[in-house]
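Below: the structure, in structure tokens.
The values are calculated or read from the model by the stated rules, or taken from the named source; none is laboratory data. If you're wondering where the values come from, they're calculated on a predicted model, not measured in any experiment. Note that each Cβ is placed from the backbone with ideal geometry, even for glycine, and that neighbours are counted across all protein chains shown. The area values use the complete protein model at the heavy-atom level, side chains included, leaving out ligands, DNA and RNA. Shrake-Rupley method; radii C 1.70, N 1.55, O 1.52, S 1.80 Å.
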Amino acid sequence: MEALSLLQWLIDGLIGIGLLWLAWRALFCPELFKAIVLFIAFGLLMTLAWVRLKAPDVALAEVAIGAGLTGALLLSSWAKLRGFDANKGMGAREKNSEQAEQKTKRPFFHGLYAIPLLLMAVGLGYGVLQLTPYATGLSAVVAENLDASGVSNPVTAVLLNFRAYDTLLEIAVLLLALIGIWSLGIRPSVREATPDPVLDLLTRFLTPLLLLVSAYLLWVGAHAPGGAFQAGSVLGAAGVLLILAGWRLPLSLAGLPLRITLVAGVSTFIVVAVLTMLGGAQLLAFPPSQASLIIFVLEITATLSIAAILAALFLGSRPDHSEKI
Amino acid sequence: MSIAILYALVGIGLFCLGVYALMIHAHLLRKILALNIMGSGVFMVLLALAGRTEITPDPVPAAMVITGIVVAVSATALALALMLKINAITGRAELNDAEEK
């Protein structure tokens, strides 16, 4: 028993130190590309930390979104920045930006910045150490009401029943971010190329598998770790893979059908919210007898919308424009 | 000190590292990385404090963190698009006030 707990402390200590070290390297190593790769590694180590903190739902979301999609987004933006630099007379520009980075390094002032930050860290740490070592929070309340929620996984119950309002707004935020990107009018990248045969073959194998995993996560979310966000991000990752392999949405689907998929999640949520209010209940207060069905419908549309929005975020420009090239 | 408190302290460390990097770097991609690490630190504090129990941890912070991760990725995507736009207009992936001093 003693040895086991020592081993656990060792693992947790290593994960903690590894996280801080990776974060430090990701933030301060001089090469941007290396920094991004280190950040992806940081996301993967975060996943381990979530598992250690007994939050497998969060670990699933982190590995698909935090490490996977964010990493892909950062790398593709980095490649676009470099492509831009290369277009504009290579060497001079790169040197310029390096000089600019050198110029802004003023170690003396940076040391001064560190002092209030250290004070802040000490204050926050002191605050955490003052907290009671044991607290159950709201888990008892959630467990009491779990039977009425329609699902048996407490995290899904919170996300789609008790705090469904948060999830409604969250999908709205995703949609807003996409509208923001589309309204910037960024020109689509013209890298229309025949995909690498290996990548092409890999995509053909992986896409059905990702579809299957996504459907499984969606279904299992009702009673085990999983759910709409994890399923949506796996499906979105399949979309990202297809985009990387050079596949594009056919023009006939890039217009209205795509837009309907993008807004399906949030509009289903709003319809359900209005219906519950018309039924005399509060906003998004589901009747216990139908809660299971309502949650399932919400999750399916949310999964499709999240996947479409995430893939569109990765594409970075309106697909109907890029089709014309 | 329990394991939950250890992770909460790591989370605070990550947050402060992120704030520091956000202040000293001029390059916008680095600022976006720093914001993401700050966010991870906050999530870690939230979940670590939810784990201060012997039985199953509080599901409410876990749900909040899942929501937070999805919001963070959409904010990152928007920030990266803005960065590319700034780079296309000014030729530099930095904000203007960096060169005034």
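Specify the inter-centroid distance of segment A:199-255 and segment B:38-55, based on alpha-carbon positions, in whole Å. Result: 29 Å between the Cα centres. Phi angles across segment B:14-26 convert, under the Karplus curve 6.51 cos²θ - 1.76 cosθ + 1.60 with θ = phi - 60°, into 3J(HN,Hα) values of 4, 4, 5, 4, x, 4, 4, 5, 4, 6, 8, 8, 8 Hz, Gly and Pro given as x. To the nearest Å, what is the center-to-center distance of segment A:257-304 and segment A:1-78, using C-alpha atoms only? Each part reduced to its Cα centre gives a spacing of 34 Å. Each residue of segment A:141-154 is assigned a 3J(HN,Hα), and the resulting list reads 5, 4, 4, 4, 9, 4, 4, 7, 8, x, 9, 10, 8, x Hz, derived from the Karplus form 6.51 cos²θ - 1.76 cosθ + 1.60 (θ = phi - 60°), x at Gly and Pro. Segment B:41-55: which residues show an accessible-area loss of 20 Å² or more, assembly versus chain alone, 1.4 Å probe? The answer is B:MET44, B:LEU47, B:LEU49, B:ARG52, B:THR53, B:GLU54, B:ILE55 - residues whose exposure falls by at least 20 Å² when every protein chain is included. Computed extension length for A:LEU258-A:CYS29: 78.4 nm, one decimal, from 0.36 nm per residue of separation with the Cα-Cα distance subtracted. Label-to-label distance for A:VAL271 and A:MET120 is 4.5 nm, based on points extended 7 Å past Cα in the beta-carbon direction. Carbon and sulfur atoms: what percent of the 1.4 Å accessible area of segment A:279-322 do they account for? Carbon with sulfur: 64 percent of the solvent-accessible area. Computed from the C-beta positions of A:LEU206 and A:LEU10, the FRET efficiency with R₀ = 35 Å rounds to 0.45.
Rounded to the nearest whole Hz, the Karplus-based 3J(HN,Hα) values (6.51 cos²θ - 1.76 cosθ + 1.60, θ = phi - 60°) of segment A:16-24 follow the sequence x, 5, x, 4, 5, 5, 4, 5, 4, with x at glycine and proline. Taking amide H positions as modeled 1.01 Å from N, with prolines and chain starts lacking one, the residues under 5 Å from B:ARG52 and 5 or more places away or on another chain are A:ALA135.
Please compute the modelled spin-label separation between A:VAL173 and B:LYS85, points set 7 Å along Cα→Cβ, answer in nm with one decimal. Here the modelled spin labels are 2.0 nm apart. For the pair A:ARG82 and A:GLU144, label points projected 7 Å from Cα toward Cβ lie 5.7 nm apart. Protein heavy-atom accessible surface, 1.4 Å probe, per residue over the protein assembly as shown: 49 Å².
Using a 1.4 angstrom probe on protein heavy atoms only, the contact between A and B buries about 7200 square angstrom of accessible area, both sides summed. Our summary gives segment B:3-91 a relative contact order of 30 percent, counting only alpha carbon pairs under 8 angstrom and 6 or more residues apart. For chain A, the calculated P(r) over all alpha carbon pairs, in 20 Å bins from 0 to the bin holding the longest distance, is 24, 52, 23, 1 percent. Shown for chain A: lysine pairs separated by 8 or more places, or found on different chains, whose C-alpha atoms are under 20 Å apart, numbering 7. Here chain B exposes an accessible surface that is 69 percent carbon and sulfur, computed with a 1.4 Å probe and the other protein chains kept in place. Calculated FRET efficiency, A:GLN282 to A:VAL220, Cβ-Cβ distance, R0 = 22 Å: about 0.15 to the nearest 0.05.
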